[in-house]
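J.: Here it is, the structure in full.
Here, each number is a calculation from the coordinates, and none is a lab measurement. None of these values were measured; they are calculated from a predicted model. All Cβ positions, glycine included, derive from the backbone under ideal geometry; neighbour counts span all protein chains shown.
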Amino acid sequence: MDDRPIGVFDSGFGGLTVARAMIDLLPAEDIVYVADTGRYPYGPRLLDEVRDFARQITASLVASHDVKMVVVACNTAAAAALDLLRFEYEVPLVGVIDPGVRAAIKATTTRRIGVIGTVGTIASGAYQRAVAAQRAHIHLTCAACPGFVEFVERGETRSDQVHVLAERLLAPLRQDRVDTLLLGCTHYPFLARTIGDVMGRDVVLVSSADETAFEVRAILADTGLGRRSAGKGVHRWISSGDTASFRELGRRLFGPEIDDVEQWVPSH
């Protein structure tokens, strides 16, 4: 048994969907959540730059917080850096891409799956490779959705403008008649109602958050790293940007558990 915390990081608020799923599934575990809001969004950035950010945050989680596991709750960062981080660190590292792909393949009946993500994630080919690795003979349609993250980060999840944007960006997926849509960015579940309205009720939306939490639980069980205590876990919230704005929007999107937000200043 291991009472050390689990580290979770994202460019901003999207990873809160993963943190929520983990807290619900593993209420006894301590969690340290790092939001790199000082440098978001990651999606339009070069993957080399995102890789550097991911290495920096992981190093901080391991060295400063002594985490027993790191969850890369950001699709762009997972696409850019997960394999490298697994090579560099001995603690288990979990991404959000493979769990989401497995869930989408399980959900589809027509074998026509869509994936939406940031420009960086889609351009990286990470989802295309993950689907191919499953050898499931899936017809995959990928679409980048620039602008979605920025709407979420402003707290505009139900505005007319985001609906108009969704209709334009999701058109290729509707034309390809996908029956399952994988939300390949942890920010996108906050837009699930708008995305669902545009895609229609026959399309199943798959979020990787729950599947990632199940994977974390399985790894804790397999490795014996689960927490000894059965009490309620402690959750720490850290932001590289403005802590007051993270607390305000975080509470609106996530809930009142986000109280004290600590400041983290990345070394440049």
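J.: Enumerate the helices in the chain for which the Kyte-Doolittle hydropathy averages 1.0 or more and the C-alpha atoms extend at least 27 Å along the helix's axis, using complete DSSP H runs.
T.: The qualifying helices: there are none.
J.: For the stretch 14-119, what are Rg and Dmax over the alpha carbons, in angstrom?
T.: My reading of the Cα-based Rg and Dmax gives 14.6, 47 Å.
J.: So, with +1 on the Cβ of K and R and -1 on the Cβ of D and E, and no other charges, what is the size of the charge dipole of the stretch 97-208 about its Cα centre, to the nearest 20 debye? Working shown, then result.
T.: Details: 13 positive and 10 negative charges, 93 e Å.
Here the stretch 97-208 has a charge dipole of around 440 debye.
J.: Run the numbers for Gln175 and Arg217: contour at 0.36 nm per residue of separation, minus the present Cα-Cα distance, in nm. Please list the in-between numbers first.
T.: Working: separation 42, 0.36 × 42 = 15.12 nm, distance 3.75 nm.
Value of the extension gain: 11.4 nm.
J.: For the chain, what is the mean residue ellipticity at 222 nm derived from helices alone (per DSSP H run of n ≥ 4: -39500 (n - 2.57); sum divided by total residues; nearest 500 deg cm²/dmol)? Please list the in-between numbers first.
T.: On the way: 12 runs with 124 residues, N = 268.
Taking each H run of at least 4 residues, the total per residue is -13500 deg cm²/dmol.
J.: Non-local amide H neighbours of Met69 (under 5 Å, H modeled in plane, Pro and chain starts lacking H): which ones?
T.: Gly7
J.: Just to be sure I understand, if you calculate Kirkwood radius over Cα pairs in Å for this structure, which of (1) 19.0; (2) 18.5; (3) 20.5 do you get?
T.: Derived directly from the coordinates: (2).
J.: Another question, if that's okay. Over all directions, what mean area does the Cα convex hull of the stretch 97-208 project, stated in square nanometres?
T.: Values: hull surface 24.0 nm².
Value for the stretch 97-208: 6.0 nm².
J.: When Lys and Arg each count +1 and Asp and Glu each count -1, what net charge do the other residues less than 11 Å away from His139, Cβ to Cβ, add up to? Spell out each step's value before the answer.
T.: Details: positive: Arg111, Arg112, Arg177; negative: Asp176, Asp179.
Value of the local net charge: +1.
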